[in-house]
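One structure is given here, and the rest of the page talks about it.
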Amino acid sequence: MEDRKILKNKTYLYMTEFFAGMSVMAVELGASRLLAPYFSSSQIVWTIIIGTIMIAMALGNIYGGRTADKNPNPDRLYRRIIIAAIWIALIPVLGKYIILGISALLIFTVSHHLLIWAAFLACMVIFVFPLFLLGTVTPSLVKYTVDSLDDSGKIVGTLNASNTIGSIIGTFVPTFVTIPAVGTSVTFLIFAGILLLLSILYFCSAKKKSIAAVVGVIVLIISCIFGHSGRYAFWVDDLMFEGESIYNYLQVYEDQEDNEVVLSTNVLFGVQSVYCREKTLTGMYYDYAMAAPLMADVNGREHLDVLILGMGTGTFATQCKRYFDNLSIEGVEIDAKITALAEQYFELPADVPVTTYDGRAYLNAIDKQYDIIMVDAYQDITIPFQMSSVEFFSLVKDHLSENGILVVNMNMRGTREGNINQYLSDTIASVFESVYTVDVAYSTNRELFACNSDTALSVFERNISETEDPELTGLMQHVRDNMREYVKGSYLMTDDQAPVELLSMQVIDELIAQELEYYRNIYEEQGLQGLLDSM
């Protein structure tokens, strides 16, 4: 091994291990945020990320150990770290194009589980190589630091501890500091810069020039110029807001045709909240859910208490406030950034308090009962299992008044036996005596209403007839005409077993297959130009 003064200072080598471990975890967390706008942040996507990264690290460990034995020159290790830094720096610039390119290719080659395959291949292409290189750090440093067997255990233990401590910090810093403050793209650039600086210090101490280091600096500068914005929806020019929170990628835009402001938390998975500037009905599930106040006898009672779990930007609360003047509404939203956007862009009513908390944890922390509880926490294919179980809906039941109404927005209608909506409906029906469902027109949403009263439908019909707004009356009559009593089945979800990710993926797979079939037919009949014209 060549003499390197810096290698005699084991502290520097421990620092190398520390920052390598930190960067691995930062890249892993960044990977989840890079993929989430396109594939969601479900447990399935996390499984893909963790699995592919572990493959990369294992292969890196093997390769690093073998190369260190054959040629114990630390120059090679620090060049690999530079290459990893360059690759990571390019992710903000090229990553989103790679994801969309892979997805586009798979559209014509994969018939089932498109999202799973696309996420897996994107993760393999984007993240495996740099993490493979970082996986070579530990075995290489063991070779450089162990001088004799007398203290080998101590040295290897200290190296592993340095890596672990770095990994711990690399877990917390992106989640709570860099991603919320400056975004995912800049987070990648920060850790690429740390790895690059680490290697530059090594070559400077050795008084040896490194072309790789020069290239790395140039690439980092270019990436800082072109990759710092973090624009995921780069094909959209008129976004009112695009950014990130601890939990979500967030996008606010204006639909000029319908005069609406829209919140989307995923580029490819539709709308989460809508604000109608004309202060009319939205035509979406928020309006259908207003059947709940009528079922709870809003016209015959002086006051109703409403709790919304999964407040979003408050579309349901806003609609209820427009059409009913005797509701006291509270919201619970886990993402404080969404609440801030609600106040800034969606005119959330000032008299609607919002608590930043998990919906189930909130119910556990309070004793109050409500006349209506709305559960609207099922976002794209990401369904929190703790808010889909028998135990959760039993908790909801305990917080409802005697004739209280539960309304649940289920955002994906499946057709196969044992789909996610069947599981949710059967689970709710195992807790409540009466369950009714209605499909929302021109969407994949289904509204479910549950209660322990056998008079809810008659109360609903009476309140429809007493409603003075003709537009709301017409919609509520449509809801009543299409409302069906749900017959309980045997599909149950519990805290111990709630396979919401797989069930949701099955439904989204069906929806994507139906949509892609349309475009595949156009491609077969009209070719590529016809396909482009149809989009």
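The values are calculated or read from the model by the stated rules, or taken from the named source; none is laboratory data. From a predicted model like this one, the values you see are computed outputs, not experimental measurements. Virtual Cβ from ideal backbone geometry, glycine too; neighbours counted across all protein chains shown.
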Against the condition under 22 Å from residue 465 (Cβ atoms), among the hydroxyl-bearing types (Ser, Thr, Tyr) and buried (at least 19 other Cβ atoms within 10 Å of the Cβ), how does residue 275 come out, does it pass?
no
Quick one: which of 106, 114 is of a type outside the set (D, E, K, R) and either closer than 16 Å to residue 31 by Cα or in contact (Cβ under 8 Å) with a residue 24 or more places away in the chain (or both)?
114
The number of residues in the range 309-331 that are hydroxyl-bearing (Ser, Thr, Tyr), within 17 Å of residue 471 (Cβ to Cβ) and touching a strand residue (DSSP E or B) at 6+ places or on another chain (Cβ under 6 Å) is 1
If you scan the range 220-249, which residues turn out to be touching a Phe, Trp or Tyr at 6+ places or on another chain (Cβ under 9 Å) and modelled with pLDDT of 85 or more?
223, 240, 241
Taking the options 306, 298, name whichever one is among the β-branched types (Val, Ile, Thr) and farther than 14 Å from residue 406 by Cα.
298
Residue, surrounded by the most Cβ atoms within 10 Å (Cβ to Cβ), within the range 293-308, restricted to residues that are of a type in the set (D, E, K, R) and under 18 Å from residue 468 (Cβ atoms):
297
Could you count how many residues in the range 309-343 are under 30 Å from residue 176 (Cβ atoms), touching a residue at least 24 places away in the same chain (Cβ under 8 Å) and surrounded by fewer than 17 Cβ atoms within 10 Å (Cβ to Cβ)?
1
Would a scan of the range 470-484 turn up a residue that is assigned to a loop (DSSP other than H, G, I, E, B) and modelled with pLDDT of 95 or more?
yes
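Table: residues versus (1) crowded, with 21+ Cβ neighbours inside 10 Å; (2) more than 21 Å from residue 139 (Cβ to Cβ); (3) of a type outside the set (A, V, I, L, M, F, W, C).
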| site | (1), (2), (3) |
| --- | --- |
| 13 | yes, no, no |
| 33 | yes, yes, yes |
| 42 | yes, yes, yes |
| 53 | yes, no, no |
| 61 | no, no, yes |
| 66 | no, no, yes |
| 69 | no, no, yes |
| 74 | yes, no, yes |
When you scan the range 295-308, do you find a residue that is modelled with pLDDT of 95 or more and within 29 Å of residue 257 (Cβ to Cβ), even just one?
yes
Go through the residues of the range 130-137 one by one and say whether even a single one is part of a helix (DSSP H, G or I), among the aliphatic types (A, V, I, L, M), at pLDDT 85 or above and surrounded by fewer than 20 Cβ atoms within 10 Å (Cβ to Cβ).
no
Selection status of residue 215, more than 23 Å from residue 100 (Cβ to Cβ), in the same structural domain as residue 323 (by TED's automatic domain parsing), at pLDDT 85 or above and of a type outside the set (Ser, Thr, Tyr):
no
Hey, which of the helices (runs of 4 or more DSSP H) in the range 153-228, taking only ones fully inside, have at least 3 residues that are touching a residue at least 12 places away in the same chain (Cβ under 8 Å)?
184-205, 211-226
Residue by residue through the range 101-125, note down the ones that are at pLDDT 85 or above and surrounded by fewer than 18 Cβ atoms within 10 Å (Cβ to Cβ).
101, 117, 124, 125
Can you name every residue in the range 375-408 that is in contact with a Lys or Arg (Cβ under 8 Å, 6 or more places away or on another chain) and not in a loop (DSSP other than H, G, I, E, B)?
386, 387, 392, 395, 406
Go over the candidates 334, 372 one by one and state the one that is aliphatic (A, V, I, L, M), modelled with pLDDT of 95 or more and outside any helix (DSSP H, G or I).
372
Per the list (1) surrounded by fewer than 18 Cβ atoms within 10 Å (Cβ to Cβ); (2) touching a residue at least 60 places away in the same chain (Cβ under 8 Å); (3) not small (Gly, Ala, Ser), residue check on residue 433 breaks on (2)
